[in-house]
Amino acid sequence: MARDRAALGAFLRSRRNRLTPSQAGIQAFPGARRVPGLRREELAVLAGLSPDYYSRLEQGRQANISDEVLDALARALRLDEVEHAHLRDLAAPTERRRTVTPQRSQRADPGLLRVMRTLDHVPVLLLGHRGEVLARNALLVEMLGRPLEPGTSFVRYMFQDPLARERILNWEDFAAATVATMRRETARRPHDNRLTALIDELRATDADVARWWDDHAVRDYASVTKRIQHPTAGPLTFDIEIVRAPHEREQRLVVYTADPDSPTARVLPILAGGTTTPPP
């Protein structure tokens, strides 16, 4: 079975196993059950497919899959919008997917850099699609306690630097979301060898990454809350907002925002006064 079709089958099984017949709104088929969720035959009926055709999908033996079939499976499995898009990417023809991923190193987008320079009053980080640091400001370095030089991996900081687990109070939530976004990236760029090597390395060396990866959860980059334990300012709370340039979808500006009247907002000018902006 091709690697991408294996990923499709694994994703379908994971979503099928999490949905019981009662949750799907059907009567369970008679007989002893060997799976916690839907049987293949039950899902096939829900999606309006023959059991043999669905078995070929899950076993990676169906080369071409129509949009209508994918939409029917998404409805039957109750996939959200991100999961539905992930299913489409996994089912895309192999020859079409090979042209997606450049292997060259990314350069920071000038427009996003200009935006970052206007936001020196809050922590800001510019990331590439493999989680590579393209630029950051002084407050971001102050918050996370590492220089995070351009060209380093923010993902490796998250999982391989013990300081990340100390500084980020809700590290587990944030780290699980990071793994889910990485899985989403692999479906978009299945032939990005550097991304694949990074994920394989983390899965082999970090039990948390391996566990979250096996859950097959996916998500897009989205606003989240991050709680930081600063060594002098104490606990700080940020809402993380993602900004993209219309012409540069592979880079994202990660902006740490705080409510104007919050304790975090009141202490940021003090912290900013003792920092100097690192060059991008």
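The values are calculated or read from the model by the stated rules, or taken from the named source; none is laboratory data. As the structure is a prediction and not an experimental result, all values here were calculated from the model. So basically every Cβ, Gly included, is an ideal-geometry build from the backbone, and we count neighbours across all protein chains shown. Calculation scope for accessible area: heavy atoms of the full protein, side chains included, ligands and nucleic acids excluded. Shrake-Rupley method; radii C 1.70, N 1.55, O 1.52, S 1.80 Å.
Ligands, DNA and RNA are left out, and with a 1.4 angstrom probe the accessible area of the range 37-173 is 46 Å² per residue.
A simple spin-label model places pseudo-atoms 7 Å from Cα toward Cβ; at I242 and H230 they are separated by 2.6 nm. Couplings 3J(HN,Hα) for the range 179-185, derived from phi with the Karplus relation 6.51 cos²θ - 1.76 cosθ + 1.60 (θ = phi - 60°), are 5, 5, 6, 5, 4, 4, 5 Hz, where x marks Gly and Pro. In the complete set of protein chains, residue-level accessible area for R114 is approximately 150 Å², probe 1.4 angstrom. Remark: relative contact order (the range 132-175) = 36 percent; criterion is Cα-Cα distance under 8 angstrom and separation of 6 or more residues.
Based on DSSP H segments of at least four residues, each scored -39500 (n - 2.57), the chain has a per-residue ellipticity at 222 nm of -14000 deg cm²/dmol.
Under Stokes-Einstein, with the Kirkwood radius over Cα pairs as Rh, the value for the chain at 25 °C and 0.890 mPa s is 118 µm²/s. The relative contact order of the chain comes to 18 percent, based on Cα pairs under 8 Å that sit 6 or more residues apart. Applying 0.36 nm per residue to the separation of R78 and R165 and subtracting their alpha-carbon distance, the gain on full extension is 27.9 nm. Over the Cα atoms of the range 204-255, the radius of gyration divided by the Kirkwood radius equals 1.09; this is the Rg/Rh ratio.
Going by average Cβ neighbours within 10 Å, how do the peptides 115-126, 204-215 rank, with the highest at the top?
On the way: 115-126: 18.8, 204-215: 14.3.
Descending mean neighbour count gives 115-126, 204-215.
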